[in-house]
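Since every read-out is calculated from the coordinates, none of them should be taken as a lab result. Note that the coordinates shown come from a computational prediction; the quantities given were computed from them, not determined experimentally. When we count neighbours, we look across all protein chains shown, and the Cβ atoms used for this are built from the backbone with ideal geometry, even at glycine.
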Amino acid sequence: MRCRKCRERAVLEIPRHHTAFCKTCLTDFVCAQAERAITEEKMFAKADHVLVAVSGGKDSLSLLDILHKLGYQADAFYVDLGIGEYSRQSRAKVEQFTKARGVALHIHELKEDEGAGINELADLVHRPTCSVCGTLKRYHFNRTAVELGYHVLATGHNLDDEASRLLGNVLHWQTEYLDKQGPVLPASMEGFAKKVKPLFRLAEREIAAYAIVNRIDYIVEECPNSKGAKMLLYKDILNRLESESPGTKQAFYWGFLAKQEADAKTRPSMTDNDQAVLHPCPTCGQPTTAETCSYCKLMARAKKDGPAPVRM
Amino acid sequence: MKVLLNHPVREVEMKGPRRVRELLKELSLLPETVLVVRGDELVTEDDMLRDDDRIEIRPVMSGG
């Protein structure tokens with residue numbers, strides 16, 4: 001198979017675009033798609049300081065690599081969840097990547113700062129590990145970006161992540177979550193960082209191929225806690241549909257975004273909605289809709305119920 | 001050829017020559033969910049694999 005642009009040997013076929021690319025043209029394609037997302041969605045500019053949440057996986061390390069290639073100022077933030085060998089390996093990948101490229105890396109260590117790893121915390125509060133992990137990561141991503149003065153927080157969510165999340169929300173008619181499914185969440189009030197997903201135009205397979213051809217050493221091993229996760233089931237179903245009918249994932253997610261944009265003219269903005277319901281958490285000061293934010297509630301419960309020396 | 005699979009990590013021996021798409025079919029893998037690496041080079045579905053090749057099947061799905 002030959003590259004449709006330059007006729008070199010192709011390394012990846014992309015049926016949804018009826019094309020195939022060699023190493024160089026694949027890198028150009030991925031960078032162009034990310035740049036288009038950043039520009040069209042007004043995510044950030046060259047003068048802004050971007051904090052990229054990294055996990056050691058293909059998406060977040062590729063995002064950091066792409067942003068530097070495109071000339072953006074991007075640093076890294078890693079949350080060490082304390083999941084044994086998995087966390088040790090993923091942290092090592094992040095440290096090697098950032099050191100080799102001279103990228104500033106901020107680390108939050110749960111065992112150090114919360115006094116326990118994610119599995120122990122989930123046991124203490126009797127909640128599913130992935131749910132506690134989501135609460136903690138969202139909290140620390142936002143807090144770190146705001147406290148360190150970054151203009152925006154970027155995550156490596158890709159087209160497959162967003163399409164599978166949309167499928168999950170639609171299957172359960174969780175319409176209250178749909179407003180937050182866009183690639184940009186505004187800094188709607190003080191204490192909220194702007195959050196963006198520059199890889200939303202790219203499929204997971206295209207990013208993995210980018211990582212391999214650009215020699216990005218990422219952790220291939222999956223988080224041991226994700227075994228049996230619903231999101232993997234939704235991805236699998238969407239991949240089956242995509243194989244039979246290329247373009248299904250982008251038609252589903254991009255179609256949803258187009259409909260949302262068309263409806264936006266007749267509905268209050270996300271900023272207006274947020275400002276109507278959010279107020280500072282009395283314990284930590286971060287925005288919340290509840291009396292106390294979910295992070296502070298979680299940590300208070302862990303401290304009350306647990307034998308571990310949980311710090312606040 | 002030696003074929004390294006992930007999740008869980010294991011190695012299987014397969015007969016060559018055969019095309020990548022035939023290898024994936026025999027392993028019951030959906031092409032959309034994996035990448036195939038020969039040595040350290042990505043190969044496409046119509047590439048031919050030989051007996052002395054070392055192949056890695058790299059899954060692309062992640063997240064929970």
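Provide a whole-number value for the mean count of partner chain Cβ atoms within 10 Å of the Cβ atoms in peptide A:228-237.
Per residue, the number of nearby Cβ atoms from other chains is 2 on average.
How high is the FRET efficiency between A:ASP179 and B:ARG50 when r is their beta carbon distance and R₀ equals 41 Å, given to the nearest 0.05?
For R0 = 41 Å, the calculated efficiency reads 0.20.
For chain B, what does -39500 (n - 2.57) per DSSP helix run (n ≥ 4), summed and divided by total residues, give at 222 nm, in deg cm²/dmol to the nearest 500?
-2500 deg cm²/dmol
Placing +1 at every Lys and Arg Cβ and -1 at every Asp and Glu Cβ, with all other atoms neutral, what dipole size does chain B have around its Cα centre, in debye to the nearest 20?
Rounded to the nearest 20 debye, it is 160 debye.
What trypsin sites (Lys or Arg not before Pro) does the stretch A:176-256 have in DSSP loop regions with at most 13 other beta carbons within 10 Å?
Here the trypsin sites (Lys or Arg not before Pro) that fit, given the DSSP loop and packing criteria, are A:ARG215, A:LYS227.
Around A:LEU178, with a cut-off of 11 angstrom between Cβ atoms, what is the net charge of the other residues, counting Lys and Arg +1 and Asp and Glu -1?
Result for the neighbourhood of A:LEU178: 0.
Work out the length of the dipole vector of the stretch A:77-216 about its Cα centre, built from +1 on the beta-carbon of each Lys and Arg and -1 on the beta-carbon of each Asp and Glu, and round it to the nearest 20 debye.
480 debye
Taking the Cβ of each residue in A:SER243, B:SER28 as the centre, tally the other Cβ atoms inside 10 Å and list the residues starting with the fewest.
B:SER28, A:SER243
Could you please state, rounded to a whole Å, how far the C-alpha centre of the stretch A:194-264 is from the C-alpha centre of the stretch A:141-179?
Each part reduced to its Cα centre gives a spacing of 13 Å.
Which FRET efficiency value, to the nearest 0.05, do you get for A:ARG240 and A:GLN275 by plugging their Cβ-Cβ distance into 1/(1 + (r/R0)^6) with R0 = 45 Å?
In this case the efficiency is close to 0.60.
Mean shadow of the stretch A:40-267, computed from the convex hull of its alpha carbons, in nm²?
Seen from a random direction, the Cα hull of the stretch A:40-267 projects 13.5 nm² on average.
Label A:ARG36 and A:LEU105 with points 7 Å out from Cα along Cα→Cβ: what is the distance between them in nm?
3.3 nm
Tilt of helix A:58-69 relative to the longest C-alpha principal axis of chain A, in degrees (0 to 90, nearest 10)?
70 degrees
Once you sort the root eigenvalues of the Cα gyration tensor of the stretch B:2-59 as a ≥ b ≥ c, which label holds: rounded (a/c under 1.5), prolate (a/b larger than b/c) or oblate (the other case)?
Taking the square roots of the gyration eigenvalues as a ≥ b ≥ c, the stretch B:2-59 is rounded.
What distance in nm separates the two pseudo spin-label positions at B:LEU30 and A:GLU95, each 7 Å out from Cα along the beta-carbon direction?
Placing both labels 7 Å beyond Cα along the Cβ direction yields 3.8 nm.
Please determine, in degrees from 0 to 90 and to the nearest 10, the orientation of helix A:84-101 with respect to the longest principal axis defined by the Cα atoms of chain A, where the helix direction is its Cα long axis.
Roughly 60 degrees between the two axes.
Based on the Cβ-Cβ distance of B:GLU11 and A:THR283, what FRET efficiency does E = 1/(1 + (r/R0)^6) give at R0 = 45 Å, to the nearest 0.05?
The calculated FRET efficiency here is 0.30.
Listing A:HIS126, A:HIS279 from the residue with the fewest other Cβ atoms within 10 Å to the one with the most, what is the order?
Ranked by crowding around the Cβ, least crowded first: A:HIS126, A:HIS279.
With runs of 4+ DSSP H residues as the only contributors, calculate the mean residue ellipticity of chain A at 222 nm using -39,500 (n - 2.57) per run, divided by the residue total and rounded to the nearest 500.
It comes out at -15500 deg cm²/dmol, rounded to the nearest 500.
Under the definition of partner shielding as Cβ atoms of other protein chains within 10 Å of a residue Cβ, what is the mean value for peptide A:84-95?
0
Give me the inter-chain shielding for B:30-40: mean count of other chain Cβ atoms within 10 Å, whole number please.
5
Quick one: dipole size for the protein assembly as shown, taken about the Cα centre, charges +1 on Lys/Arg Cβ and -1 on Asp/Glu Cβ, in debye to the nearest 20.
Using only the charged Cβ atoms, the result is roughly 300 debye.
Along the positive direction of the dipole of chain A (beta-carbon charges: Lys, Arg +1; Asp, Glu -1; about the Cα centre), which of A:LEU81, A:LEU202, A:SER55 reaches farthest?
Ranked along the dipole, the leading option is A:LEU202.
Angle between the Cα long axis of helix A:204-213 and the longest principal axis of chain A, 0 to 90 degrees, nearest 10?
Between the helix axis and the principal axis of chain A, the angle is about 70 degrees.
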